[in-house]
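Heads up, the thing below is written out as structure tokens.
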Amino acid sequence: MKSKRNLIVALFVVLSTTFNSCATAQSSNKKQKYKVAVCDWMILKRQKLGSFALAAEIKADGIELDMGGLGNRPTFDSKLGDPVERQKFLDKSKETGVGISSIAMSGFYAQSFATREITPMITDCIQAMKNMKVKVAYLPLGTQTDLVKNPELRPEVIKRLQWAGKEVGKIGGVIAIETSLDATEEKKLLDEVGSKYIKSSFNFANALDNKRDISSELKILGKKYLAQIHASNTDQFWLENDKAIDMPKIKATLDEMKWSGWLIVERSRDVTQVHNVKANYGANVTYLKKIFQN
């Protein structure tokens, strides 16, 4: 009888410890100052439900969910406007515990934000944000809207961003833009737009490609202007092997700025195994978590 009672007590202790450990882990994850995500299109799962399982497998906290292809269509090729399909994504996010860091308009990497009719694209993205309770949209001002090479586009870009800011502000969201400008000029651009709903999506690769120090650029940009970070370089090395990036220094800078938010892995693939999604993104997620979440 005593042996049976001891067994029950031991079992209770094990279950209690397990429960408390799980609860602590969940609580800790919710309280994380920095969370790590991957771009769904870069892990070859653009707007696919499998992106959540893959992100969970490589231990990412979230995905940056793309709106889909654009090309010459009037708007994105997106499933997120369909309530049935959209719910599948929300259910899969809940099931896997993988969040949605932001909704991306990656179609603007190759398409012109300054000259195309953008109303349907921005409207669809904001509606997806609202329906999925996602606060940030990612908008790259890509090759056709490069404000360094095409400064004449600046007035039209500002005008369009002011309109987009008013629209996303109606749901309390933010559109995070990525430009080719240095931090000083990007800050000036954001000041000219004059909307607290338009901020920066800072990209390590842009700074490094132009011989700029990442930490210095972040300090210039400042907490107020920073919505999210694409925390990777162009493809060559994993982040942990990239001597151009001083990750502990970057963390110290962001800590000093008192910024918190999503660090999103876009590239930094090892060119000797560039197609090995799990190895590349698994390594980069692990390294970012080691630096930013310990």
* What do you reckon, is residue 290 farther than 24 Å from residue 141 by Cα, assigned to a helix (DSSP H, G or I) and in contact with a Ser or Thr (Cβ under 8 Å, 6 or more places away or on another chain)? -> no
* Asked: Only one of 215, 200 is in contact with a Ser or Thr (Cβ under 7 Å, 6 or more places away or on another chain), among the small types (Gly, Ala, Ser) and free of Cβ contacts under 8 Å to residues at least 60 places away in the same chain; which?
  -> 215
* Structure fact -> Restricting the range 241-267 to residues that are over 22 Å from residue 64 (Cα atoms) and of a type in the set (D, E, K, R), the one least open to solvent (accessible area, probe 1.4 Å) turns out to be 242
* Near pairs, Cβ below 7 angstrom, 6+ apart or cross-chain, from the range 271-288 (surrounded by 12 or more Cβ atoms within 10 Å (Cβ to Cβ)) to any residue that is among the charged types (D, E, K, R) and assigned to a loop (DSSP other than H, G, I, E, B) -> 274/235; 280/269; 285/59; 286/59
* Asked: Out of all the residues in the range 121-137, is one or more free of Cβ contacts under 8 Å to residues at least 12 places away in the same chain and at positive phi?
  -> yes
* Of the conditions (1) more than 19 Å from the chain's Cα centre (by Cα); (2) in contact (Cβ under 8 Å) with a residue 24 or more places away in the chain; (3) open to solvent by 30 Å² or more (accessible area, probe 1.4 Å); (4) closer than 20 Å to residue 231 by Cα, residue 149 clears all except one; give me its number. => (4)
* Single residue of the range 47-67 satisfying the filter (touching a residue at least 24 places away in the same chain (Cβ under 8 Å) and among the charged types (D, E, K, R)) that is most open to solvent (accessible area, probe 1.4 Å) -> 59
* Going through the range 100-117 one residue at a time, which ones are small (Gly, Ala, Ser), buried (at least 18 other Cβ atoms within 10 Å of the Cβ) and free of Cβ contacts under 8 Å to residues at least 60 places away in the same chain? -> 107, 114
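The values are calculated or read from the model by the stated rules, or taken from the named source; none is laboratory data. Here the structure is a predicted model, which means the values were calculated and not measured. Because the Cβ atoms are built from the backbone with ideal geometry, glycine has one as well, and the counts that use them run over all protein chains shown. Keep in mind that these areas ignore ligands, DNA and RNA; they rest on the heavy atoms of the full protein, side chains included. Shrake-Rupley method; radii C 1.70, N 1.55, O 1.52, S 1.80 Å.
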